[in-house]
Amino acid sequence: MRSAGHYWSVVSVAGWLVTAVGCSGVPMVNQHATPLKCERLLKAEVVALEHAVVLNRYGAFNPAGMLFALKQDVVLSDGTPLNDSNLKDAPGNVKLRDDKRPRPLVLRANEGDCLEVRFHNLLMREVPDERTRGPEQYDGKVPRHMEDPSGIVYDPKSNDPKKAGRDLVNATAISNDWPHTRVASFHVNGLGYVPVTREECPVSTLERQWVCGMDGDNVGLNRGLVNTGGNPAIDSIRPELEQQGTLVKPGQSAMYRYRAFREGTYFAYSAGTTVGGEGDGGQLGMGLFGAVNVQPKGSKWYRSQVTHRDLQEVTVTQPGEAGRHPYRVIDYEKRYIAGLYKNRPILAMLDGNEIVHSDLNAEPSLITLATGAGEGLSTAC
């Protein structure tokens, strides 16, 4: 005897099939037929690099760490600021500025904003071999059983070293930490994907290739867009670049566009290598992750953890009214007036539409600050 539950399951499946057949004649709506409206188009230039990560105050660290960082926070190994002219020599040859701590990258946008990320893969082109010699007492060699692939069975009782796997052979150079796959991306879970036209993609050259039009994911046969600029030399490699989607090799760049629909925190990571390396965690386990924080409409964002010197720079003494003493206020829009960061905002995380600070901790503000001569100044209590 068939149960009532079985009967209802058959009815449910049949109803689903009828609905599917009935809807099959309805033309599908192209979700990108009408361009998405962006309140603002914010931009961030992001790089991926190798950088040792200190794990605790006792000094434990991961020498094979990887990070996302803003391009302006990265320099060449000799301290030279990173720019478009030396970017081709940068893979494997960069580090964070000396005054920048390695932290997960945090980008920000408001509800309704679009975020354009120009991503540069500056990871090493090849994984360095960490083990090229065995123990010194064996003249740099190791027992054969350490180097042979799994599945080979030796006779430990054999007197023949070769049959027992105990004869010494040269060690195979291997890496136990970094994933061997070098492609990388910047994929954000939960943000809307904004299409990019081929003309909007930066022009590729033989020294620097760009791939655009996808969201940095590593799934399916998604083809990227390449703007050759009419260069025949790029036309010859365009099919290979398009086939990469928006996973880019060291020295290559990608452009992604996202739309922030709702307030919240959205996880970002590299989908280039999801397995391998130490702990089999791929690039995610090594540190290639971050977040995009979406704030309410109209928010402004300011750094909340700065140095004493920065706080002194933004503190302004205002004259008091008659019979009252002067008071100090904070100029939230003040810029550095000299040095390496000249003209860069000190507290404000946006410079026009460019994200210039990626601090982990920051304060969004919905308070309209004073305008006019004192624009950006906090008010006295």
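Starting from segment 194-210, keep only residues that are buried (at least 17 other Cβ atoms within 10 Å of the Cβ) and basic (Lys, Arg), then list their pairs with residues that are part of a loop (DSSP other than H, G, I, E, B) and at pLDDT 95 or above whose Cβ atoms are within a distance under 6 Å, requiring at least 6 positions of separation or different chains.
Close Cβ pairs (under 6 Å, with a partner that is part of a loop (DSSP other than H, G, I, E, B) and at pLDDT 95 or above) do not exist here.
Go through segment 279-333 and tell me which strands (runs of 3 or more DSSP E), entirely inside it, have 3 or more residues that are of a type in the set (Ser, Thr, Tyr), under 30 Å from HIS180 (Cα atoms) and touching a helix residue (DSSP H, G or I) at 6+ places or on another chain (Cβ under 8 Å). Full working, then the answer.
Working: elements: 289-295, 300-303, 315-318, 327-330.
Correct list: empty, since no element meets the threshold.
Where the second residue is loosely packed, with under 14 Cβ neighbours inside 10 Å and the first is touching a residue at least 40 places away in the same chain (Cβ under 8 Å) and lies in segment 73-93, which pairs have Cβ atoms under 7 Å and are six or more apart or on separate chains?
Once the first residue is touching a residue at least 40 places away in the same chain (Cβ under 8 Å) and sits in segment 73-93, its partners that are loosely packed, with under 14 Cβ neighbours inside 10 Å give LYS88/GLU207; PRO91/ARG125; GLY92/ARG125.
Which one of these does ALA64 not meet: (1) under 18 Å from the mean Cα position of the chain (by Cα); (2) surrounded by fewer than 17 Cβ atoms within 10 Å (Cβ to Cβ); (3) at pLDDT below 90?
Every condition holds for ALA64 apart from (2).
Going through segment 209-238 one residue at a time, which ones are charged (D, E, K, R) and more than 15 Å from HIS120 (Cα to Cα)?
First pass over segment 209-238, keeping only residues charged (D, E, K, R): 215, 217, 223, 235, 238.
Result: ASP217, ARG223, ASP235, ARG238.
Would you mention how many residues in segment 67-119 are β-branched (Val, Ile, Thr), over 30 Å from LYS297 (Cβ atoms) and surrounded by fewer than 23 Cβ atoms within 10 Å (Cβ to Cβ)? Before the answer, list the steps.
Of the residues in segment 67-119, the ones β-branched (Val, Ile, Thr) are 74-75, 80, 94, 106, 117.
Okay, now just the ones that are also over 30 Å from LYS297 (Cβ atoms), so 74-75, 80, 94.
Of the ones still in play, those that are also surrounded by fewer than 23 Cβ atoms within 10 Å (Cβ to Cβ) are 75, 80.
Adding up the residues that qualify gives 2.
Kindly evaluate GLY276 against the criterion of being over 27 Å from ARG40 (Cβ atoms), touching a His at 6+ places or on another chain (Cβ under 8 Å) and at pLDDT below 90. Quick ask: steps written out before the conclusion?
Values: over 27 Å from ARG40 (Cβ atoms): yes; touching a His at 6+ places or on another chain (Cβ under 8 Å): yes; at pLDDT below 90: yes.
For GLY276, the condition - over 27 Å from ARG40 (Cβ atoms), touching a His at 6+ places or on another chain (Cβ under 8 Å) and at pLDDT below 90 - is met.
Which of (1) buried (at least 20 other Cβ atoms within 10 Å of the Cβ); (2) out of contact with any Asp or Glu (no Cβ under 9 Å at 6 or more places or on another chain); (3) of a type in the set (S, T, N, Q) is the odd one out, the single condition GLN243 does not satisfy?
Answer for GLN243: the failing condition is (1).
Only one residue in VAL47, VAL75, VAL54 is assigned by TED's automatic domain parsing to the domain that holds PHE119, under 30 Å from HIS357 (Cβ atoms) and modelled with pLDDT under 90, so which one is that? Spell out the reasoning first.
Values: VAL47 fails: modelled with pLDDT under 90; VAL75 fails: modelled with pLDDT under 90.
Unique residue meeting the criteria: VAL54.
The values are calculated or read from the model by the stated rules, or taken from the named source; none is laboratory data. Note that this is a predicted model, so its numbers are computed, not measured. Glycine gets a Cβ as well: all are built from the backbone with ideal geometry, and neighbour counts include every protein chain shown.
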